[in-house]
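The values are calculated or read from the model by the stated rules, or taken from the named source; none is laboratory data. This one's a predicted model, so the numbers in the text were calculated from it and none came from an experiment. Virtual Cβ from ideal backbone geometry, glycine too; neighbours counted across all protein chains shown.
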Amino acid sequence: MEAPTDRELQAKEYLEKHRLLELLSHLTSFVLFTRPKNPRDYLISLLERLRIAKVTGVTFPFFMDSSNIVAMFEMMDASGKGTISFVQYKEALKNLGLWTADEELIDDGHVITLDKFRNEVNKRNQDIWSSF
């Protein structure tokens, strides 16, 4: 395998510095989740909303509203107890692109309620978008 050229290294550093691959991954998730009729216009609108949120401090756009979060939680809570396990919680965050394997989540032994799940999904979304 050939060693990367200076140009390839510069490109890689640029992408990492500006977190472009991470941003594109999240934007792709948004598009796949919402499946808009016109994806280009949707992406332009989303990027504009992100820019406005960054400049003005208004809430960042989330691709999951409260009803989506509740529906996801209820699918995992098949028994209707109002709680899910830590394993389910971690897997849901992973599937939503809100957790990576290199992040350590601590199981405190408590079950996860809908409120805790919703708060964590919203917090992680806020953290992700505010970092761009």
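Look at (1) assigned by TED's automatic domain parsing to the domain that holds residue 123; (2) more than 17 Å from residue 98 (Cβ to Cβ) and you find that residue 52 fails only one, number (1). The residues of the range 73-96 that are surrounded by fewer than 18 Cβ atoms within 10 Å (Cβ to Cβ) and closer than 21 Å to residue 26 by Cα, listed by number, are 90, 91, 94, 95. Listed by first and then second residue, the pairs with beta-carbon distance under 7 Å, at least 6 apart or on different chains, first residue in the range 34-54 and over 22 Å from residue 67 (Cα atoms), second loosely packed, with under 13 Cβ neighbours inside 10 Å, are 52/58; 53/59. Note on the range 21-132: enclosed helices (runs of 4 or more DSSP H) holding 1 or more residues that are among the small types (Gly, Ala, Ser) and modelled with pLDDT of 85 or more are 39-56, 66-76, 86-95. On inspection, residue 41 fails the criterion of being in contact with a helix residue (DSSP H, G or I) (Cβ under 6 Å, 6 or more places away or on another chain) and of a type outside the set (Phe, Trp, Tyr). Among the residues making up the range 25-57, those that are under 26 Å from residue 95 (Cβ atoms), of a type in the set (A, V, I, L, M) and surrounded by 12 or more Cβ atoms within 10 Å (Cβ to Cβ) are 27, 31, 43, 46, 47, 50, 53.
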